[in-house]
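The block underneath contains the structure these notes are about, expressed in structure tokens.
Where a number appears in this text, it was derived from the coordinates with a stated rule and is not lab data. Just so you know, these numbers come straight off a predicted model, no measurement behind them. Every residue, glycine among them, receives a Cβ derived from its backbone with ideal geometry; neighbour counts consider all protein chains shown.
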Amino acid sequence: MIQAELETLTLGDETMHQIKRSLLLIGLTAVLAAPFVSTPTNPTSAVTVAAKTTKSVNRQTLAKAIKQTPDLNPTSSVRHFSFRTYYSYFTLFNKNYNVQRMSKPTVFKHHQATVYVPSAELRETGYVTAAIKNWNVALGTKVFRIGTATNHTITVNMKDGPTSADGSWDGYYQTNKVYVNANFYNNANYLPAVYTDLTGDKMAGASSPNSAAYQHQYKRYWTAVITHELGHSLGLDHTPYSNDIMASEFESAGSDFKYTWNDYKIVDNSFAILTGKLSTRDINRAKLTKSIGYW
Ligand SMILES: [Zn+2]
């Protein structure tokens, strides 16, 4: 049964290993999708300089402070430097916490982006609204709000994306646009296959797309995908931690990342992509990218 489902999603001649990878390409990295910048640029303009009076630190002191934080988790000890420190050493923060500017500078005004969903069908699902709420509640500020056709800085659209092993994606973010892969979104076999691949268990209601159990998981999953993509807009790239909304199974983008990985680091036996919950690491990283000036 599962095998049959998998074959509808992938090329018939792929190995199981490759099939697994294709299914787990969750929320395609903005790196693959060509981020707004491919080389580091100064994070923000002098206009947005915060009136922080904390003193600047030198590179060595900063590197030491970063090293004392948990892996990829910028706890409060590294989030209260002066603007000048973030401005001068943003590459150090980028590299150590897998962050970088991914949005056009015009996307965030006064630390806020306005999101429009052209598709009435997608709009009515409420998934985008739920994803926006995820971030707003977690960050304690209205970083995203719903806009209109004539007043918005980010759009969320459906797009027919690839479903084969190479280059498939659930969603991606590029400069000011979120895309959701309609070919997976509309394939009732896709989510149960992903669920089983991640957890080893059968998804509740897997064979009954109209059941409440299936619908519940479906809403959580696609809300999580959109939450993940909005995370990219904030300047967050991937981590290996399964309970992060920004998790990715593998990353080999080289110099942009702190390190490469080939499998999830499983935390609390949970996958944020299935629950839609932001981790402390997700939230700390988003607070950091605000300090750097990415949103
Ligand atoms: Zn991603």
- request: Please list 217-223, 137-143, 64-70, 94-100 highest first by mean number of surrounding beta-carbon atoms within 10 Å per residue.
  value: 94-100, 217-223, 137-143, 64-70
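How would you order 270-276, 121-127, 224-230 from highest to lowest mean count of nearby Cβ atoms within 10 Å?
Final packing ranking: 224-230, 270-276, 121-127.
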query: If packing is taken as the mean number of other Cβ atoms within 10 Å per residue, what is the order of 201-210, 82-91, highest first?
result: 82-91, 201-210
- request: Using the structure shown, list the pairs from K133/K177; K142/K177; K142/K219; K64/K133 with a Cα-Cα distance above 27 Å, or answer none.
  value: K64/K133
query: Where does the charge balance sit around T239 when Lys and Arg score +1, Asp and Glu -1, over other residues with C-beta under 10 Å from its C-beta?
result: -1
field: Given charges at Cβ of Lys, Arg, Asp, Glu: region 124-179 dipole, positive-most of F144, A131, T175
entry: F144
